[in-house]
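For reference, the structure discussed in these notes is given below.
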Amino acid sequence: MIEVAQLTRVFRTYKKVPGFWGGVKGLFHREFVETAAAKDISFSIGEGEFVGFLGPNGAGKTTTLKMLAGLIYPTSGKATVAGFDPTKRENAYRRLFALVLGQKNQLWWDLPAIESFNLLRAIYAIPEAQFKATLDELVDLLGVREKLNVMVRELSLGERMKMELIAALLHRPRVLFLDEPTIGLDVVSQRAVRQFLRDYNRRHRVTILLTSHYMADIKELCERVIVIHKGRKIYDGALGRLENAGGAKKKIITFLPAASANGVFPETWQSRFGETKRAEDGKFTLRVPGENVVAVSQEILSTGPVADITIEDVPLEDVIAELFSTQS
Ligand SMILES: Nc1ncnc2c1ncn2[C@@H]1O[C@H](COP(=O)(O)OP(=O)(O)OP(=O)(O)O)[C@@H](O)[C@H]1O
Ligand SMILES: [Mg+2]
């Protein structure tokens with residue numbers, strides 16, 4: 001459904017030399033720096049896939065999505081979405097995809113959402129019956145029926161995001177580019193949007209490429225993730241495998257020695273397990289390879305009385321941060 005080959009986008013930004021003479025000089029000779037926001041990115045996404053697009057701030061995620069949507073042109077390389085070349089901006093392509101930018105409002109601020117929807121109906125020439133059916137489905141799924149006649153600027157952030165999603169889906173696109181659709185939402189709204197996206201993806205088999213800084217979104221929605229860092233793709237594959245990417249899958253064991261265990265666990269005791277630390281509250285935290293978890297836990301429990309012990313996966317955020325730090 002989506003084919004991307006060596007997609008590259010270089011931005012040129014002009015350096016401003018400070019001061020008056022710098023300004024004069026700049027009139028004749030402008031110096032610029034080139035940054036490759038996306039560099040040789042290639043991937044292929046099948047119909048109905050729900051792929052997470054990850055990377056730290058400035059990695060090039062939005063740039064890539066904008067190229068796929070035909071909003072900006074690649075410097076080199078090529079993208080094809082459902083057989084269309086986005087740079088041609090054909091009407092048939094416009095009907096096929098939708099781009100949702102969580103950071104940007106695409107609805108008319110001073111109109112109730114329903115008016116924006118009616119305008120979109122005209123723009124996309126959606127037949128009346130189809131429009132009604134689609135709108136009904138979306139409004140019910142997102143639970144915003146009683147907000148349809150409220151001015152968009154008076155909606156809460158979460159309600160507005162839901163309206164943005166409806167606006168994006170009214171023409172029944174086959175491909176969705178979602179750029180941080182849950183940004184700034186509270187936990188409840190995030191969950192609602194997430195659930196909606198999952199249902200919608202399954203129900204209509206739409207292909208979705210999603211960026212989010214919330215790992216919960218990625219974990220719950222995407223089996224596959226593409227990770228980019230400084231414009232380059234550094235990982236593409238199962239989310240489950242990403243968690244193992246930094247070597248053996250590690251677990252975190254945290255335990256609190258009982259008061260009666262005073263001194264039984266010396267500060268140095270933990271160093272035998274590699275990466276460890278002791279918190280102010282007296283808790284020991286050990287990061288151990290998955291296969292050693294049982295042995296290490298047994299050793300802890302046999303060394304002295306323990307008030308509390310937990311074993312957890314290393315948070316996905318940490319796994320990814322590690323992955324970035326190993327790339328220069
Ligand atoms: N119009 C532009 N002109 C110049 N540089 C740009 C432009 N748009 C983006 N960039 C640069 O390209 C790089 C990638 O930006 P992009 O917005 O794609 O990152 P991102 O992965 O979406 O980050 P974030 O997680 O913060 O949204 C950044 O270094 C950014 O400064
Ligand atoms: Mg972005």
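Full extension of the chain between R95 and A295 yields a length gain of 66.2 nm, computed as 0.36 nm times the residue separation minus the alpha carbon distance.
Per residue, the chain reaches -10000 deg cm²/dmol at 222 nm when only DSSP H runs of four or more residues are counted, each adding -39500 (n - 2.57). Note on the range 82-209: semi-axes of the ellipsoid equivalent to its C-alpha gyration tensor, largest first and rounded to whole Å, are 22, 17, 15. All other residues with a Cβ under 10 Å from the Cβ of V144 taken together, and with Lys, Arg as +1 and Asp, Glu as -1, what is their net charge? Computed value for this residue: +1.
With the simple model of a label 7 Å out from the Cα in the direction of the Cβ, L119 to E312 spans 4.6 nm. Think of a 1.4 Å ball rolled over the protein heavy atoms: the chain then has 51 Å² of accessible area per residue.
Taken one residue at a time, the phi angles of the range 174-188 give Karplus couplings (6.51, -1.76, 1.60, θ = phi - 60°) of 8, 10, 10, 10, 10, 9, 6, x, 10, 4, x, 7, 6, 4, 5 Hz. Gly and Pro are set to x.
Suppose we flag GluC sites (Glu not before Pro) only when DSSP calls them loop and at most 15 other Cβ atoms lie within 10 Å. Which is the longest uninterrupted stretch of the chain?
With GluC sites (Glu not before Pro) excluded where exposed in loops, the chain gives 91-222 as its longest stretch.
Residue by residue, the range 216-230 carries 3J(HN,Hα) couplings of 4, 4, 5, 4, 7, 10, 10, 7, 10, 10, 10, 10, 10, 9, 6 Hz when phi is fed to the Karplus relation 6.51 cos²θ - 1.76 cosθ + 1.60 (θ = phi - 60°); x denotes Gly or Pro.
Listed by chain and number, the aspartates and glutamates whose C-alpha is less than 19 Å from the C-alpha of K230, apart from same-chain residues fewer than 8 away, are E34, D40, D179, E180, E317, D318, E322.
Annotation: lysines with alpha-carbon distance below 25 angstrom to K277 (same-chain offsets under eight excluded): K249, K250, K251.
The fraction of accessible area contributed by carbon and sulfur in the chain is 52 percent, rounded to a whole number (1.4 Å probe; ligands and nucleic acids excluded). Derived scalar couplings between HN and Hα for the range 313-326 equal 6, 5, x, 4, 4, 5, 4, 5, 4, 5, 4, 5, 6, 7 Hz in order, rounded to whole Hz, by the Karplus curve 6.51 cos²θ - 1.76 cosθ + 1.60 (θ = phi - 60°), x for Gly and Pro. The simple Förster model, with R0 at 30 Å and r as the Cβ-Cβ distance, assigns R272 and S325 a FRET efficiency of 0.75. Taking a ≥ b ≥ c as the square roots of the eigenvalues of the Cα gyration tensor of the range 1-120, is the shape rounded (a/c under 1.5), prolate (a/b larger than b/c) or oblate? Oblate shape, in that a/c is at least 1.5 and b/c is the bigger or equal ratio.
May I ask for the Kirkwood hydrodynamic radius of the chain, worked out over all distinct Cα pairs and given in angstroms to one decimal? Walk me through the numbers on the way to the answer.
On the way: mean 1/r = 0.0434 Å⁻¹.
Hydrodynamic radius (Kirkwood, Cα only) of the chain equals 23.0 Å.
The simple Förster model, with R0 at 51 Å and r as the Cβ-Cβ distance, assigns W108 and S302 a FRET efficiency of 0.15.
Based on every Cα atom in the range 250-325, Rg and the maximum pairwise Cα distance Dmax equal 12.8, 42 Å. The listed peptides 257-265, 194-202, ordered by packing as a protection proxy, come out as 194-202, 257-265 (highest mean of other Cβ atoms within 10 Å first). A protection proxy built from the mean count of other Cβ atoms within 10 Å ranks the segments 60-68, 281-289, most packed first, as 60-68, 281-289.
The values are calculated or read from the model by the stated rules, or taken from the named source; none is laboratory data. These numbers were taken from a predicted model, which means no experiment stands behind them. Cβ: placed from backbone, ideal geometry, glycine included. Neighbour counts: every protein chain shown. We work out accessible area using only protein heavy atoms, side chains counted, and drop any ligands, DNA or RNA first. Shrake-Rupley method; radii C 1.70, N 1.55, O 1.52, S 1.80 Å.
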